[in-house]
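The values are calculated or read from the model by the stated rules, or taken from the named source; none is laboratory data. Owing to the predicted nature of the structure, the values given are computational and were not obtained by experimental measurement. As a convention, Cβ positions derive from the backbone with ideal geometry for all residues, glycine included, and neighbour counts pool all protein chains shown. Side chains are part of the model used for accessible areas, which takes the heavy atoms of the whole protein and leaves out ligands, DNA and RNA. Shrake-Rupley method; radii C 1.70, N 1.55, O 1.52, S 1.80 Å.
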Amino acid sequence: MKNFRKISPEEIGKTPFEWIGEDWMLVCAQKPDGSVNAMTASWGGMGVMWGKNVAFVVIRPQRYTKEFIDSAQTFSLTFFAPQYKQELGYLGKVSGRDEDKIAKSGLRVAHSGETPYFEEGKMVMLCKKLYAQPMEKDCFLSADIPEKWYAAGDYHTLYVAEITSVLAE
């Protein structure tokens, strides 16, 4: 097992634009029955809300991982070195409903308490859900966003989660 050390959110270093938009991340959660699922994400953010360091994650309703996020109080965001881009691409294309994609990816699940994450990560954010809200078409102030990104009407659910711990190599 990799030796992670706890760091403060202020020590993260890279910007959210780099960690999320360029490097991608795996959003991972566990159902009460112990099953784990993850999905690759390149949308989201980090900041401060309600006096807490938070991560913002958006998940479409048809994603299998949404069932896991909705049934858990916590989830993780795992960030990887560039050599894992192929595995992240696979985990973003294949559904855990159809196969054990985590096992096929070769990545290893570890846990911090009830929260799963990936041993191969460079950095892990352990998150506790604070808020969830489905996005609605009428709330977009720019008409081009729903036209471009939601042609099927499958609006994301926005999750705001407190970053309770950050683990780094």
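Data for the structure
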{"read-out": "Total lysine pairs under 22 Å (Cα atoms) in segment 1-63, excluding pairs fewer than 8 apart on one chain", "value": "4"}
{"read-out": "N3 paired with V109, simple spin-label distance in nm, labels 7 Å along Cα-to-beta-carbon", "value": "2.7"}
{"read-out": "Ordering of 76-82, 139-145, 59-65, 29-35 by packing [mean C-beta count within 10 Å, highest first]", "value": "76-82, 59-65, 29-35, 139-145"}
{"read-out": "The chain, accessible area per residue, ligands and nucleic acids excluded (1.4 Å, Å²)", "value": "53"}
{"read-out": "Cβ crowding within 10 Å averaged over residues, with 49-56, 93-100 ranked highest first", "value": "49-56, 93-100"}
{"read-out": "Residues whose placed amide H lies under 5 Å from that of E120, excluding near-sequence neighbours", "value": "R108"}
{"read-out": "Pairwise label distance in nanometres, M49 with E99, each label 7 Å out on the Cα-Cβ vector", "value": "3.5"}
{"read-out": "Relative contact order computed over segment 6-162 (Cα-Cα under 8 Å; 6+ residues apart), in percent", "value": "26"}
{"read-out": "Cα→Cβ-extended label distance, 7 Å offset, between Y131 and E147, nm", "value": "2.9"}
{"read-out": "Among V27, H156, V57 the positive-end extreme of the charge dipole of the chain (Cβ point charges)", "value": "V27"}
{"read-out": "Cα gyration tensor, segment 3-47 - rounded (a/c under 1.5), prolate or oblate", "value": "oblate"}
